[in-house]
1. Please give the FRET efficiency for Arg250 paired with Asp154, using the beta carbon to beta carbon distance and R0 = 25 Å, rounded to the nearest 0.05.
2. Students often forget the sequence filter, so: which lysines lie under 27 Å Cα-Cα from Lys130 once same-chain residues fewer than 8 apart are removed?
3. So, in Å, what gap is there between the alpha-carbon centers of segment 183-221 and segment 58-122?
4. Where does the charge balance sit around Val265 when Lys and Arg score +1, Asp and Glu -1, over other residues with C-beta under 9 Å from its C-beta?
5. Trp48 to Lys94: extension gain in nm, 0.36 nm per residue of separation minus the Cα-Cα distance?
6. Quick one: putting +1 on the C-beta of Lys and Arg, -1 on the C-beta of Asp and Glu, what dipole do you get for the chain around its Cα centre, in Debye to the nearest 20?
7. Assign unit charges at the C-beta atoms only (+1 for Lys and Arg, -1 for Asp and Glu), then state the dipole size of segment 78-139 relative to its Cα centre in Debye, rounded to the nearest 20.
8. Helix-only estimate, please: 222 nm mean residue ellipticity of the chain, summing -39500 (n - 2.57) across DSSP H runs of length 4 or more and dividing by its residues, to the nearest 500.
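Coordinate-derived values only; no laboratory data. Worth saying up front: this structure is predicted, and the values here are computed from it rather than measured. With ideal geometry, Cβ positions are generated from the backbone for all residues, glycine too; neighbour counts draw on all protein chains shown.
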Amino acid sequence: NNDIQNKQMQDKRLLALCPQTPPGLNGTNPLRIPDQETLEDVAHRLHWLRLLDGGHQAPKDCQARYKIAIIVPYRNRLSNLCTFLLNMHPFLTKQQLDYTIFVVEQFNDGLFNRAMLMNVGFNEALKLRKFDCFFFHDVDLIPENYENMYSCPDQPRHMSVAIDKFNYRLPYVDLFGGVIGMSRAHFQLVNGFSNMFWGWGGEDDDMASRVKAHDLNITRYRPNVARYHMLTHVKQKANPKRYEKLFSGRKRFKTDGLNNLEYRVKSLKRLPLFTYLLVDLTGRQ
Ligand code: UD2
Ligand code: MN
């Protein structure tokens with residue numbers, strides 16, 4: 001048995017690198033709808049993918065170029081999460097990626113802090129594996145086009161350019177919300193997201209300013225490739241202080257982010273479809 005395992009590991013090392021653009025990506029990703037909105041049902045439907053524990057997958061016929069972490073901020077959106085997982089796993093597998101999906105749930109009630117959950121996801125993921133890049137991903141966005149590659153970007157990449165709900169048009173040029181991809185080094189360079197945005201809005205624009213303040217460029221794929229379907233959910237209450245925080249943000253890039261992040265991990269589990277983190281966020285709302 002050990003011999004077989006050794007042999008398999010050797011074979012893996014001899015495998016050729018996966019192509020930058022895998023074959024057969026033309027065509028649209030059909031929207032899959034769960035029969036029942038339970039994680040068990042979704043796992044059952046995805047059985048054929050043979051996912052590894054913790055929502056991990058790696059190509060079998062070639063050696064992946066990067067190790068990718070998908071970080072999903074989450075609280076109380078089970079219906080969206082089921083649809084997200086049912087669609088993302090087949091999509092990312094088809095792109096021949098070595099990836100792991102992390103769902104980071106906010107334990108405490110009160111205002112949601114999307115940006116801080118991203119920071120926690122980044123931090124905790126790196127304790128498990130040295131991921132090369134990170135996709136920070138809203139749970140309600142489903143890529144429509146297989147060519148929308150989740151490969152590590154050289155510069156920070158805004159992925160969700162054309163969303164059906166916005167008539168497939170970018171609402172404003174500096175938008176950096178929805179789905180973004182960044183290398184580990186760039187995310188560290190900008191000190192991650194701000195931890196100070198509680199409630200809806202502003203945290204994505206603050207990240208865009210961080211990126212620009214560090215002489216990085218936001219890149220995008222063509223709008224006919226970077227297309228997404230948005231799932232429905234109830235609207236959050238907007239944070240009335242978001243503009244204030246945004247305008248004063250510049251002064252805080254160095255002191256507010258990865259380097260002053262405080263939280264407690266209540267639970268860390270390798271579930272069949274994702275690595276689950278339940279966290280208590282500390283900080284003033
Ligand atoms: C927009 C942005 C989003 C973020 C947000 C402001 C796009 C396409 N989306 O989304 O990236 O900047 O505005 O904060 O630009 N979530 C939960 N439970 C909650 C609340 C939020 O799981 O109770 C998570 C979930 O992953 C969700 C994400 O946070 O997709 C963004 O929140 P939203 O969907 O309520 O905000 P939305 O659609 O206006
Ligand atoms: Mn949304």
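1. On the way: r = 25 Å, r/R0 = 1.00.
About 0.50, to the nearest 0.05.
2. Counting by Cα, and skipping residues close in sequence, Lys130 has these lysines nearby: Lys7, Lys12, Lys60, Lys67, Lys94, Lys212, Lys254, Lys266, Lys269.
3. That distance is 18 Å.
4. Details: positive: Arg264, Lys266; negative: Glu124, Asp280.
Local charge sum for Val265: 0.
5. Taking 0.36 nm per residue and subtracting the Cα distance, the gain is 15.3 nm.
6. Details: 39 positive and 29 negative charges, 113 e Å.
Here the chain has a charge dipole of around 540 debye.
7. Dipole size: approximately 180 debye.
8. -8000 deg cm²/dmol
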